[in-house]
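A short worksheet on the structure shown next.
The values are calculated or read from the model by the stated rules, or taken from the named source; none is laboratory data. Every value quoted in this text rests on a predicted model; they were computed, and no experiment measured them. Cβ: placed from backbone, ideal geometry, glycine included. Neighbour counts: every protein chain shown.
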Amino acid sequence: MVTQTGSSGGVASVTLHLQFTRGRHGAGARLDVLERPAGRVGLLSLRGWVDLSAQRGIEGMLDDVAAREVSRLVVDCSQLLHIDYRLVPRLADSLLRFEAQVAPVGLCGLSRYLRDLFRIAGCDSRLACWPTVADLLEAPVGAPGRERERAS
């Protein structure tokens, strides 16, 4: 489902909802593209349990975000419950490839459990992580993640 909302106060938004898998351990995502004074921001909110099928859907969404010419991508993981630990490096690689080719990426809202999965997979130091979406949206583009700063 794609929703185009009108402009109110100079802010336009496009919203895309996808359900990758269904059932008790289903996974989905919501993509909001927001017009902000500093440029177009993609807000990708992940939810549920990410398995291989959902991972492929996330990769497809990243392609869609790239086509929308965003100046920053924010990945909100606050509703993400689980990711297959074998897929963590693949997700990190997808986000880093997006960052190298399109725009800076910030990850936020990772639970302690998910941070541990990223750390065990050796991916925690490769991504800029922030506690919340609000913290990340207020930061200047290209600012290092707060969790990364603490680890240094």
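Okay, residues lined up against (1) surrounded by fewer than 21 Cβ atoms within 10 Å (Cβ to Cβ); (2) closer than 22 Å to residue 15 by Cβ; (3) at pLDDT below 90:
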{"residue": "60", "(1), (2), (3)": "yes, yes, no"}
{"residue": "64", "(1), (2), (3)": "yes, yes, yes"}
{"residue": "93", "(1), (2), (3)": "yes, no, no"}
{"residue": "112", "(1), (2), (3)": "yes, no, no"}
{"residue": "123", "(1), (2), (3)": "yes, no, yes"}
{"residue": "148", "(1), (2), (3)": "yes, no, yes"}
{"residue": "151", "(1), (2), (3)": "yes, no, yes"}
Which condition breaks for residue 52 when tested against (1) under 23 Å from residue 130 (Cα atoms); (2) surrounded by fewer than 19 Cβ atoms within 10 Å (Cβ to Cβ); (3) at pLDDT 90 or above? (1)
Residue check, residue 18 against (1) modelled with pLDDT under 75; (2) not in a strand (DSSP E or B), all met but one. Which one? (2)
Could you grab me the full set of residues in the stretch 93-129 that are under 17 Å from residue 43 (Cα atoms) and hydrophobic (A, V, I, L, M, F, W, C)? 95, 96, 98, 102, 103, 105, 107, 108, 110, 127, 128, 129
For the stretch 38-49, what are the residues that are among the aliphatic types (A, V, I, L, M) and either in a strand (DSSP E or B) or crowded, with 21+ Cβ neighbours inside 10 Å (or both)? 41, 43, 44, 46
What tally of residues in the stretch 66-88 results from selecting those that are surrounded by fewer than 22 Cβ atoms within 10 Å (Cβ to Cβ) and in contact with a Ser or Thr (Cβ under 7 Å, 6 or more places away or on another chain)? 1
Here is a check on your reading of the model: is residue 100 out of contact with any helix residue (DSSP H, G or I) (no Cβ under 7 Å at 6 or more places or on another chain), of a type outside the set (Asp, Glu) and modelled with pLDDT under 90? no
Between residues in the stretch 22-37 that are part of a strand (DSSP E or B) and residues that are among the hydroxyl-bearing types (Ser, Thr, Tyr) and at pLDDT 80 or above, which pairs lie under 6 Å by C-beta distance while being six or more apart or on different chains? 30/45
Close pairs (6 angstrom Cβ cut-off, 6 or more residues apart or separate chains): under 13 Å from residue 128 (Cβ atoms) in the stretch 104-116, in a helix (DSSP H, G or I) anywhere: 105/95; 105/98; 105/99; 106/136; 108/133; 108/136
So residue 77 ticks every box in (1) part of a helix (DSSP H, G or I); (2) at pLDDT 90 or above; (3) among the hydrophobic types (A, V, I, L, M, F, W, C) but one. Which box is left unticked? (1)
